[in-house]
Structures are given as structure tokens and as C-alpha cells.
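Structure record follows, encoded as C-alpha cells.
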Amino acid sequence: MTTYYVYDVFSTEAFGGNPLAVIPDATHLPEDDLQRIAREFNFSETTFVLAPENAAHTARVRIFTPTMEIPFAGHPTIGTAVALSDQGTLPEMVLELGIGSIPCHAANGQARFTTEAPLARLAEPTLAEVAAALSLSETDIKTDVHPPQMASLGLPFTITELTSRAALSRIVTDIEAFRRGRDSYPSALDFAQFAYVREGDLIHARMFAPLDNIPEDPATGSACATLGALLADIHQKDQALTIHQGQDMGRLSVISLTTQGSAVTISGTAKRIMEGRLVY
């Protein structure tokens, strides 16, 4: 039988943040079962920890959404690092992900990781396409810093700044508009949308990927990292931001982000709230 843990990531409280299922030893699980297990948990991501390919590294981590394996995501990286720390792994670790090796530090329920994956600007979806997907008016979209940007540090999101916190709260997803966006941008992770409002160094954000069985995500570290890299590139200045996500879902997530040149560091907390065994 295989042990699993459930962590609430980017929260110090149970039932906050973003839930993550961690399988700390997936060595003996059949390959065909990994996606099935992730679908059974039905969290935005589930991680499977394996022996590293490089003996100098800590572990290889595979990340699955309910519908696919993905090369990188933020809250699974933070949550898995904390899970390994809770099992006695030394604070400094290197996790092998689909985008390469990621250095992490984890101790006492807190973790951070740094990625130097290059920022890729993939496309500029139109105001009409984004507004339709989010059931907003085009006038709710702020464009003086940047128009909607489909960008990636390993996982693509359409990043859109809105004019107000009220507009952010009004979002209702339109599935047909998401399908049209997916068809127009086939490499765009089902047209996943990350909308935000900036108040100085505080960001309020929401992320939607309904075509990937994620109606709304309480915390999306990979999208936050991409936002940080995008803003650093636009302003040609390092960023230090706190991101609040999940508030409109009643699951506040607090994500800390800093950039230093091409490097982006994401940090946050994770709390174990469940554990059990796979008995099928």
C-alpha cells in the first residue's frame, strides 16, 4: 500500500490555500495509474516523488493535473518540498521537474524555489477574446502596462491586468469562449487565464482553467512566477511582490515573489491536513 499526504499550500491554516496531494514514494506505482490517481484526487495538481536521475539531486517530481502531466507548477513544488522536509530531508534540496532541476529550500513548513527558465511571450490574445472568457467588458481590462499576454516559464497562461478589484470579483467563466481560445491558441494550456489587479507591491489575482477541470485555482505559483518575470521585463526592474489569490473562493493564498535578473523566487508555507494510503 502507498502512503499519500494532502497539504494546503500557501496557507498557514487548514482549509486555506491550494490543496495538493503528494505521493512521497511513487516508485512502485504503475505508469498508467498516475493520471488515474490524480483524477481521483481531482485537485489542481498531484505530485509523485521518485528517485532522482542525478544522484546528487534530492528527488524527481512528476506533476499531474486531473487531465494531463505538466512540466512545472508552483504550488506543487512548494508543497512537495515541505512534504520532503517533514520527512526529514535536509533544507537545501534540488528537485528534478519537467523543466529541469529546481533548487529549493524547505524547513518548518515554509519553502522557496528559484527558477531561471527563460520568459517566453507566446501571443497577445485580443481584448475581446479575454473579456469573453471572463464575462467582462473590454473596458475592465487595463492596457497601459501591457495588453493581455500569453506568457510562460514552462507553463503558459494568458496574463491580464484589470482596472479594479471589483472587476476581478465579477469574473464568471464562459466555457464556450475558453474553447474558442483553446482552438485559436492550441499551445496555451486550454487558454488558462490569470487576471490580476496591482496595488503597489500587493497583487490580487485569480486563475481559471475550466477546460482542465480547474474551474478556479486558489493559488498558482507558476502563473505568479510568470507574472513576476513579465513585469520585471517590462519595467526593466526587479520586483518584490506579495500575491493574494483565492480570496473570492474563501481560500486565501499568500504567495511571495522576488526577481533578481532572470531568476524568479517563489516562497510560501504549506500545512499537512490529511494523510492516508492507496488501497486499490
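One residue is enough: does the stretch 93-112 have a residue meeting the conditions farther than 30 Å from Gly200 by Cβ, touching a Phe, Trp or Tyr at 6+ places or on another chain (Cβ under 9 Å) and among the charged types (D, E, K, R)? Scanning the stretch 93-112 turns up no residue that is farther than 30 Å from Gly200 by Cβ, touching a Phe, Trp or Tyr at 6+ places or on another chain (Cβ under 9 Å) and among the charged types (D, E, K, R).
Quick one: is Leu189 at pLDDT below 95, of a type outside the set (Gly, Ala, Ser), surrounded by 18 or more Cβ atoms within 10 Å (Cβ to Cβ) and in contact with a Ser or Thr (Cβ under 9 Å, 6 or more places away or on another chain)? Explain how you work it out, then say what you get.
Values: at pLDDT below 95: yes; of a type outside the set (Gly, Ala, Ser): yes; surrounded by 18 or more Cβ atoms within 10 Å (Cβ to Cβ): yes; in contact with a Ser or Thr (Cβ under 9 Å, 6 or more places away or on another chain): yes.
The answer is yes for Leu189.
Residues in the stretch 199-243 that are out of contact with any helix residue (DSSP H, G or I) (no Cβ under 6 Å at 6 or more places or on another chain) and either of a type in the set (S, T, N, Q) or not assigned by TED's automatic domain parsing to the domain that holds Phe178 (or both): Asn213, Thr220, Thr226, Gln236, Thr242. Taken as a whole, the condition of being closer than 30 Å to Glu13 by Cβ and without any contact (Cβ under 8 Å) to a residue 24 or more places away in the chain applies to Pro103. Here Ala117 meets each of (1) touching a residue at least 40 places away in the same chain (Cβ under 8 Å); (2) part of a helix (DSSP H, G or I) with one exception, condition (2).
Based on this model, can you work out whether Thr27 counts as under 20 Å from Ala117 (Cβ atoms), among the hydroxyl-bearing types (Ser, Thr, Tyr) and at pLDDT 95 or above? Before you say what the answer is, go through the steps one by one.
On the way: under 20 Å from Ala117 (Cβ atoms): no; among the hydroxyl-bearing types (Ser, Thr, Tyr): yes; at pLDDT 95 or above: yes.
Here the answer is no, as Thr27 does not meet what is asked.
If you go through the stretch 216-261 and keep only what is surrounded by fewer than 21 Cβ atoms within 10 Å (Cβ to Cβ) and in contact with a Phe, Trp or Tyr (Cβ under 7 Å, 6 or more places away or on another chain), you end up with Glu216, Val254. Does at least one position in the stretch 175-188 carry a residue that is closer than 27 Å to Gly268 by Cα and either outside the structural domain of Gly79 (by TED's automatic domain parsing) or not in a loop (DSSP other than H, G, I, E, B) (or both)? Yes, that holds for at least one residue. In the set (1) surrounded by 14 or more Cβ atoms within 10 Å (Cβ to Cβ); (2) out of contact with any Leu (no Cβ under 6 Å at 6 or more places or on another chain), Ala56 fails one condition alone, (1).
The values are calculated or read from the model by the stated rules, or taken from the named source; none is laboratory data. As the structure is a computational prediction, the values presented were derived from the model and not from experiment. With ideal geometry, Cβ positions are generated from the backbone for all residues, glycine too; neighbour counts draw on all protein chains shown.
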